[in-house]
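The values are calculated or read from the model by the stated rules, or taken from the named source; none is laboratory data. Because the structure is predicted, anything quoted here is derived from the model rather than measured. Neighbour counts run over all protein chains shown; Cβ positions are idealised from the backbone, glycine included. Accessible surface is based on the protein model in full, side chains and every heavy atom, while ligands, DNA and RNA are left aside. Shrake-Rupley method; radii C 1.70, N 1.55, O 1.52, S 1.80 Å.
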Amino acid sequence: MLSETSNIKRALRAELRERRRILTCTEREEATTGFTANLIALTREHEATVVACYLSAQNEPNTRPFLNWAFANGVRTLFPITREDGLLDWAHGDGETETQGLFGMPEPVGELLGPIAINDVDLIIVPAAAIDGTGMRMGWGRGYFDKTLGSMQKCPPVFAMIYDEELLDSVPREVHDEPVNGVVTPTRIVTF
């Protein structure tokens, strides 16, 4: 039986998914330009030479222009590969060559590295459904990033990519949920 918090999360995720789905092409393009500029600024600010970032799915904030910039500028990228046991493997990718992983999510094609490969990055960029003003992250419900972040002994800065209206006053929280250090939106970078 699902908890009341789980039910509230499910309803909020459905609403946020729908809001993303109905964005116009122009809104998406403008947002992508802002996301890309802010991700580049964040990477430079943290002097990151290795970044963990995800390949965005259809209605997620578009990471690909940033990944192209990273590749062209010698910033190595590490991408998550979902596993059936709930953990993430990682792979270096070129930001271009990809396949469909578990749950239909895009994943890179490359040498498979184990879960501990994430320990060698300078900056982590994660997806999110919403973030609140304290940095509490509500993901999309599978818990992969919560498990990864929760298991790291020394975690570099973690930033979630969300649209401006997804920075909420509060998000429902469960014991396993992990906070982030900041968010990147199309218009700003917020550090908590």
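Would you pick out the residues in the stretch 174-192 that are assigned to a loop (DSSP other than H, G, I, E, B) and β-branched (Val, Ile, Thr)? Give the derivation first.
Taking the stretch 174-192 as the starting set, the residues that turn out to be assigned to a loop (DSSP other than H, G, I, E, B) are 174-178, 180-181, 185-188, 192.
Correct list: VAL175, VAL180, THR185, THR187.
Can you say whether THR97 is open to solvent by 20 Å² or more (accessible area, probe 1.4 Å) and either hydroxyl-bearing (Ser, Thr, Tyr) or in contact with a helix residue (DSSP H, G or I) (Cβ under 8 Å, 6 or more places away or on another chain) (or both), as far as the supplied structure shows? It is true that THR97 is open to solvent by 20 Å² or more (accessible area, probe 1.4 Å) and either hydroxyl-bearing (Ser, Thr, Tyr) or in contact with a helix residue (DSSP H, G or I) (Cβ under 8 Å, 6 or more places away or on another chain) (or both).
So which of PHE35, PHE71, PHE66 is aromatic (Phe, Trp, Tyr), open to solvent by 60 Å² or more (accessible area, probe 1.4 Å) and touching a residue at least 24 places away in the same chain (Cβ under 8 Å)? Explain how you work it out, then say what you get.
Details: PHE35 fails: open to solvent by 60 Å² or more (accessible area, probe 1.4 Å); PHE66 fails: open to solvent by 60 Å² or more (accessible area, probe 1.4 Å).
Within the list PHE35, PHE71, PHE66, the selection yields PHE71.
Counting only residues that are closer than 20 Å to VAL184 by Cα and open to solvent by 40 Å² or more (accessible area, probe 1.4 Å), the stretch 1-23 holds 3 of them.
Is it the case that the stretch 180-192 has a residue that's under 21 Å from ALA11 (Cα atoms) and within 14 Å of the chain's Cα centre (by Cα)?
No: the stretch 180-192 contains no residue that is under 21 Å from ALA11 (Cα atoms) and within 14 Å of the chain's Cα centre (by Cα).
Among all positions in the stretch 126-142, there is at least one residue which is surrounded by 19 or more Cβ atoms within 10 Å (Cβ to Cβ), more than 19 Å from ARG10 (Cα to Cα) and in contact with a Phe, Trp or Tyr (Cβ under 6 Å, 6 or more places away or on another chain). When GLU29 is tested against (1) open to solvent by 20 Å² or more (accessible area, probe 1.4 Å); (2) within 24 Å of ASP132 (Cβ to Cβ), just one condition goes unmet, and that condition is (2).
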